[in-house]
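Working notes for the structure below.
The values are calculated or read from the model by the stated rules, or taken from the named source; none is laboratory data. Quick caveat: nothing in here was measured; it's all calculated off a predicted structure. Positions of Cβ are generated from backbone atoms using ideal geometry, with glycine treated the same way; all protein chains shown enter the neighbour counts.
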Amino acid sequence: MTIADDIIRLKKEKNAVILAHNYQPPEIQDLADYTGDSLELAIKAKDAEEDIIVLCGVMFMAETAKILNPSKKVIIPAEDAGCPLADYLTAGMVRDAKKGNPGAEVVLYVNSTAESKAEADITCTSANAVSVCASLKSETILFGPDSNLASWVAEKLPDKKIIPLPKDGHCPVHTEFSPRDAEDAKKKGYTVVCHPECPKSIRDECDLVASTGQMIKEADRSEKWAVLTEKDMVYRLKKEFPQKDFIGFEKAVCKDMKLITPEKLKKALEDEETEITLPKDIMDRAKDAIERMIKIKG
Ligand code: 13P
Ligand code: SF4
């Protein structure tokens, strides 16, 4: 019996579904029932009929799954898998910003804590940030916690005033790239795609700016891609399109995404741990903001 056999057996015995983010290590992507971006995982979790949802990703993704499908047991195999970007923003900071900007609507990237989401009018992911902000009536939008995604949305929607909350929230993985990474790849004949969490200086050098899910949807545009996002996205892309040439960057590692291993996944299924629990009022308020986002197409 291999560890993969054990995981498949436990999954059946416990009636569990395994959802994995596109940045998970290859061996976890291979064990998952479904691999996707943060929006796709949220929708899968909302619709899951199994008794247990195992979220192989980081804490905000597991919290989002619990908020959207509260009657299920949601477990994360590494309870310390956080997101340094989410930690930039507290619920208190959102409340203070609302007081200071009456009339502004609050859009929070799903890479945020459940407590912060409970203060938001609506959430967004990198796949729908522009359409979510475009759908709002107010001209002024408080947008957090990613200041780079905020600047990407502001470029796309010049009629809106996008205020980043806080000013310097960023992902340590996507700010590791330099414009040279894109320039060098272009010289070698690659079409270059980056995630919108990259700073403007990098986005400006790229052929395409896309969420991880959009990178898959847009892959037909080229046969040779250089991918400026977390390194294991390339594994996902190669699996989908084995005939194409994808190169990634070994320096782009999300340490939190790598905390989940097959051993920890097996133990999580055995012990049904670590279970996500959140205060009901936080769940209810955050759910309104997340469900409002899911209703927006695009
Ligand atoms: P996606 O929504 O594109 O999957 O991105 C999630 C994320 O954490 C990017 O760093
Ligand atoms: Fe958070 Fe960045 Fe890791 Fe995404 S890649 S989970 S934003 S730290």
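Things to note:
- Scanning segment 254-298 for residues that are part of a loop (DSSP other than H, G, I, E, B), farther than 17 Å from ILE53 by Cβ and at pLDDT 95 or above yields CYS254, LYS255, ASP256, THR261, PRO279.
- Extreme residue, farthest from PRO25 (Cα to Cα), among residues of segment 205-248 that are of a type in the set (Lys, Arg) and part of a loop (DSSP other than H, G, I, E, B): LYS244
- Any chance LYS217 is under 15 Å from the mean Cα position of the chain (by Cα) and either free of Cβ contacts under 8 Å to residues at least 12 places away in the same chain or under 25 Å from SER112 (Cα atoms) (or both): no
- Verdict on ALA91 being over 27 Å from LYS66 (Cα atoms), free of Cβ contacts under 8 Å to residues at least 40 places away in the same chain, away from ligand 1 (no atom under 15 Å from the Cβ) and in contact with a helix residue (DSSP H, G or I) (Cβ under 9 Å, 6 or more places away or on another chain): no
- Unmet requirement for PHE249, which otherwise passes all of (1) away from ligand 2 (no atom under 16 Å from the Cβ); (2) surrounded by fewer than 20 Cβ atoms within 10 Å (Cβ to Cβ); (3) among the hydrophobic types (A, V, I, L, M, F, W, C): (1)
- Segment 132-148 residues that are within 23 Å of THR90 (Cβ to Cβ), paired with ones that are among the basic types (Lys, Arg) and part of a strand (DSSP E or B) (beta carbon under 6 Å, 6 or more apart): THR140/LYS161
- Subset of segment 37-56 [touching a residue at least 40 places away in the same chain (Cβ under 8 Å), over 12 Å from ILE75 (Cβ atoms) and within 16 Å of ligand 2 (Cβ to nearest atom)]: ASP37, SER38, LEU39, GLU40, ALA42
- Given (1) under 21 Å from LYS287 (Cα atoms); (2) within 13 Å of ligand 2 (Cβ to nearest atom); (3) touching a Gly at 6+ places or on another chain (Cβ under 7 Å), index of the condition SER126 fails: (3)
- Tally, over segment 105-123, of residues that are more than 23 Å from SER201 (Cβ to Cβ) and either part of a strand (DSSP E or B) or not aliphatic (A, V, I, L, M) (or both): 13
- Inside segment 158-204, residues that are of a type in the set (Val, Ile, Thr), outside any loop (DSSP other than H, G, I, E, B) and in contact (Cβ under 8 Å) with a residue 60 or more places away in the chain make up a count of 1.
- Selection of segment 30-74 for residues being away from ligand 1 (no atom under 13 Å from the Cβ), part of a helix (DSSP H, G or I), in contact with a helix residue (DSSP H, G or I) (Cβ under 7 Å, 6 or more places away or on another chain) and over 18 Å from ALA114 (Cβ atoms) yields only LEU31.
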